[in-house]
Amino acid sequence: MHEYKLVILGSGGIGKSALTVQFVQGIFVEKYDPMIEDSYRKQVEVDAQQYRLEILDTAGMEQFIARRDLYTRNGQGFVLVYSITAQPTFNDLQDLREQILRVKDTDDIFYDLVRQINRKTPVPGKAREKSSCQLL
């Protein structure tokens, strides 16, 4: 079974923990101590394959910024979270993205994203060829 390390990043107090706990435990947490970071494990099935996810819910407070390099170095996937009602939390994502790229020292994450999109989106030319063959 494959294990993936996922890191949840974003400003403090915007709902990273609520999002993570909702996914892992299926409950909505209204109150959570934003000063802590927590780690969760969940086994999931994706495309008929079993995976174990290790999810690090990071503290978004300023005093934990120094730890982000460690999170980024160890993480394999990243979820950047922001509040739709607070523009500065969205603006903070640019710095987080740049840090991920700097620490990982690669653009492979963008190629992987294109591959994921390709798997979910049919190629227009191939779809037309297939449908035209069916018409004959």
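Only the coordinates and a few stated rules stand behind these numbers; no lab work does. Only a predicted model underlies this, so the values are computations on that prediction, with no experimental measurement involved. For neighbour counting, all protein chains shown are included, and Cβ atoms are generated from backbone atoms with ideal geometry for every residue, glycine included.
For the listed peptides 40-47, 93-100, a ranking on the average number of other beta carbons within 10 Å per residue, highest first, reads 93-100, 40-47. Between Q22 and D105, the C-beta separation translates, for a Förster distance of 30 Å, into a calculated FRET efficiency of about 0.35.
Taking label positions 7 Å along the Cα-Cβ direction at both K120 and E45, the computed distance is 2.1 nm, reported to one decimal.
In a simple Cβ point-charge model (Lys, Arg +1; Asp, Glu -1; nothing else charged), region 1-52 has a dipole of about 40 debye relative to its Cα centre. Between G10 and residues 5 or more places away or on another chain, which pairs have amide H atoms under 5 Å apart, with H built 1.01 Å from N, and which residues are they? It is V81, by chain and number. When the pairs K5/K31; K16/K120; K5/K42 are compared against a 21 Å limit on Cα-Cα distance, K5/K31; K16/K120 fall above it.
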